[in-house]
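Report on the following structure.
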Amino acid sequence: MSDEGPMAVEDEVRAFAAVRDAALTGNDAALIAGHMAEEWVYVDAQGVTTKAELIDWIASGRLVHHTMAVVGGERLARIGDTVVFTARVTSTGAWDGVPYATDEWISEVYVRVEGQWRVAFTQKTDA
């Protein structure tokens, strides 16, 4: 007998993250924006980037994503309707037409908003 109950929250977030990564590599600014909480921010060594800034960069073609892959260290921690995701991620793309390749540790906070998962916070550190 099959035991197919509701998808575990961690699996829901993994599936959502995969769809969001596909939107990022598709460079569809409107689709990407729909996966983010309005309050979303990105933090790295240069400081804080807002959702509006990121979406503008993607819409204008200033930032282009080509690939994105989780390569190790994946960890999900559920706290109620919030999930903290940490993993090592590689990506390629271009910034102002200059190609880039990254190898980073990423931490993201996912929240359920009106029944849908959204990313609310992203922080990256070079691996």
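Of note:
- Meets criteria (open to solvent by 60 Å² or more (accessible area, probe 1.4 Å), in contact (Cβ under 8 Å) with a residue 40 or more places away in the chain and either hydrophobic (A, V, I, L, M, F, W, C) or over 17 Å from Ala23 (Cβ atoms) (or both)) for Gln123: yes
- All positions within the stretch 76-127 that are of a type in the set (Lys, Arg) and modelled with pLDDT under 95: Arg78, Arg112
- The strands (runs of 3 or more DSSP E) located wholly in the stretch 1-90 that include 3 or more residues which are surrounded by 13 or more Cβ atoms within 10 Å (Cβ to Cβ) and free of Cβ contacts under 8 Å to residues at least 60 places away in the same chain occupy 63-79.
- Looking only at residues in the stretch 112-127 that are over 12 Å from the mean Cα position of the chain (by Cα) and not polar (S, T, N, Q), the one that is nearest to Thr49 (Cα to Cα) is Asp126.
The values are calculated or read from the model by the stated rules, or taken from the named source; none is laboratory data. None of the values given here were measured: they were computed from a predicted structure. Methodologically, a virtual Cβ is constructed for each residue, glycine included, from the backbone with ideal geometry; neighbour enumeration extends over all protein chains shown. Calculation scope for accessible area: heavy atoms of the full protein, side chains included, ligands and nucleic acids excluded. Shrake-Rupley method; radii C 1.70, N 1.55, O 1.52, S 1.80 Å.
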